[in-house]
């Protein structure tokens with residue numbers, strides 16, 4: 001009977017081989033993805049044929065594994081050979097500069113040959129597949145001898161070999177065959193070959209025309225990492241306030257320029273806010289860390305060569321070309337033009353690289369705009385602090401291209417200088433700009449104090465007021481700073497924190513819901529907390545060992561990510577086996593999120609109540625403290641009023 005070569009046991013249920021049958025839907029997904037790319041003009045019309053046979057293979061494979069029979073095997077084999085014929089025809093046609101025509105001819109030839117052979121020799125499918133593979137290999141070798149761009153990258157070949165290994169492991173005679181197991185290698189073969197089809201399309205059409213490649217995997221990876229980044233940001237920060245998000249267009253190439261004050265946390269925040277991973281530029285020295293290279297490659301990070309790191313700066317020409325290709329395809333490229341990270345009070349000197357990249361991209365991406373993004377962190381030391389992200393007004397790069405590009409492809413020095421000055425001014429408008437770090441923290445605390453009297457301000461609101469205070473004349477700023485120092489000293493003397501003197505308002509509804517969740521699922525919350533406790537301790541100790549304020553966030557984020565993943569993996573393996581281990585790990589992860597949601601408002605409310613009790617116990621000592629506080633609020637309100645006037 002057809003299909004008996006596959007390992008999975010056949011039964012009398014709706015589908016005879018459940019796992020192998022349902023995994024065939026991967027081909028339908030791949031076919032739909034190809035169809036979308038053609039409809040969006042990212043692939044030529046000829047690719048409609050590949051989309052059709054890949055989707056047909058999904059339906060045929062579903063029937064083949066779900067209800068074995070001659071007809072189902074015909075519907076399984078013919079589309080498979082048609083798809084291989086498309087690939088073989090594309091490679092052959094490429095040799096005579098007719099890849100699209102060759103792919104259509106190969107597709108038709110494959111379908112006709114498979115149908116004819118089925119009528120006379122139904123068992124010849126494997127031989128036909130072998131012939132198609134020989135043609136693909138031979139034409140690929142010929143293309144390499146002609147110095148054509150490579151299609152079969154090491155990653156693509158590795159994916160193919162793993163798929164073949166999964167097919168062999170899923171055969172009935174394989175020592176890995178476990179007929180009743182839900183983990184079927186042949187099902188993995190379905191998924192991997194569907195992925196291989198999409199990966200081949202990405203690689204083949206990128207080799208044929210790098211400026212108009214479909215880049216399905218790149219887009220999928222960017223979106224996926226963007227979602228993960230959003231989760232990381234919300235997991236490690238109490239809130240993320242975004243202002244003027246609409247200033248970043250979605251219908252044209254964008255070069256993002258951002259301030260860089262919090263190490264690896266900055267690109268994660270940008271990716272999370274954008275909802276996708278842009279092409280970041282980072283110092284080439286990171287590639288010297290061997291363990292980091294795969295992750296840099298996965299994220300599509302582009303290296304910047306700096307003479308200060310011992311690199312050859314002329315190597316940046318190829319990096320700039322890569323940026324131009326990305327922008328030509330409507331992508332987002334992101335750069336930190338200060339060049340280095342650090343806990344600075346204001347913006348460091350902006351280098352000219354961003355301007356040169358943007359101006360150099362105009363021939364292929366004439367509508368490129370530069371969007372400044374300023375980030376501010378309530379605290380780079382504490383976990384679960386708040387973040388403010390502000391988008392600046394977009395800059396039309398074409399307005400600065402008065403002299404065009406030189407013979408070497410570089411923009412004119414005056415054009416680059418004028419655009420760099422504009423980038424600097426626009427980035428300063430949305431980035432922190434204080435005299436020094438101490439003044440920054442005091443002005444933020446003063447602004448938060450005044451705003452807390454009227455409600456529970458967001459960090460973005462606090463940051464706006466603090467920056468307004470930073471523009472005051474030197475004597476006025478000095479008066480606010482000295483008044484706050486006096487207030488802080490008096491607070492410390494009586495053992496009360498500023499937020500305990502006037503406790504931050506906590507949502508009663510959140511507190512009630514947290515208490516209810518703790519009452520109904522207390523054992524789950526406590527268990528999840530205890531399971532995550534070792535990871536929390538590792539992150540706390542690891543962060544405490546780092547002295548650099550700008551590095552603490554990076555260490556906290558990376559350590560937290562690694563320890564949490566290890567926690568979920570170990571807990572899953574300890575609590576279950578096979579698929580149950582995966583489910584157990586997911587349950588532990590969800591439990592950790594629930595614990596975070598439950599404990600956070602309760603701890604904040606407890607701190608607020610403790611502050612009220614402490615303040616009541618020291619009521620007789622509060623007079624000088626309240627007097628100093630009043631002095632701060634009077635100075636701040638006067639400055640805010642002057643600014644509004």
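List of remarks:
- Any hit, the stretch 111-131, residues being within 36 Å of the chain's Cα centre (by Cα), in a helix (DSSP H, G or I) and at pLDDT 90 or above: no
- Inside the stretch 67-78, residues that are more than 38 Å from the chain's Cα centre (by Cα) and either modelled with pLDDT of 90 or more or assigned to a helix (DSSP H, G or I) (or both) make up a count of 8.
- Comparison of 200, 244 shows that the only residue that is modelled with pLDDT of 90 or more, over 19 Å from the mean Cα position of the chain (by Cα) and outside the structural domain of residue 57 (by TED's automatic domain parsing) is 244.
- Residue match in the stretch 287-299 (condition: buried (at least 16 other Cβ atoms within 10 Å of the Cβ) and out of contact with any helix residue (DSSP H, G or I) (no Cβ under 7 Å at 6 or more places or on another chain)): no
- Residue that is modelled with the highest pLDDT [pool: residues in the stretch 385-422 that are in a strand (DSSP E or B) and more than 29 Å from residue 240 (Cα to Cα)]: 411
- Subset of the stretch 537-557 (residues that are surrounded by fewer than 16 Cβ atoms within 10 Å (Cβ to Cβ) and in a helix (DSSP H, G or I)): 537, 540, 541, 544
- One residue from 53, 38 being touching a helix residue (DSSP H, G or I) at 6+ places or on another chain (Cβ under 6 Å) and surrounded by fewer than 24 Cβ atoms within 10 Å (Cβ to Cβ): 38
- Note on the stretch 132-155: residues that are modelled with pLDDT of 90 or more and in a helix (DSSP H, G or I) amount to 14.
Yes/no matrix, rows are residues, columns are (1) in a helix (DSSP H, G or I); (2) over 34 Å from the mean Cα position of the chain (by Cα); (3) surrounded by 13 or more Cβ atoms within 10 Å (Cβ to Cβ):
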| position | (1), (2), (3) |
| --- | --- |
| 572 | yes, no, yes |
| 584 | yes, no, yes |
| 596 | yes, no, yes |
| 601 | yes, no, yes |
| 614 | yes, yes, yes |
| 624 | yes, yes, yes |
| 627 | yes, yes, no |
| 631 | yes, yes, yes |
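- Evaluation of residue 220 against (1) within 28 Å of the chain's Cα centre (by Cα); (2) surrounded by 15 or more Cβ atoms within 10 Å (Cβ to Cβ) (one fails), failing number: (2)
Condition check ((1) surrounded by 18 or more Cβ atoms within 10 Å (Cβ to Cβ); (2) closer than 30 Å to residue 596 by Cα; (3) touching a residue at least 12 places away in the same chain (Cβ under 8 Å); (4) under 31 Å from the mean Cα position of the chain (by Cα)) across all residues:
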residue: 369; (1), (2), (3), (4): yes, no, yes, yes
residue: 375; (1), (2), (3), (4): yes, yes, yes, yes
residue: 400; (1), (2), (3), (4): yes, no, yes, no
residue: 407; (1), (2), (3), (4): no, no, no, no
residue: 417; (1), (2), (3), (4): no, no, yes, no
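The values are calculated or read from the model by the stated rules, or taken from the named source; none is laboratory data. Since we're looking at a predicted model, the values are computed, not measured. Methodologically, a virtual Cβ is constructed for each residue, glycine included, from the backbone with ideal geometry; neighbour enumeration extends over all protein chains shown.
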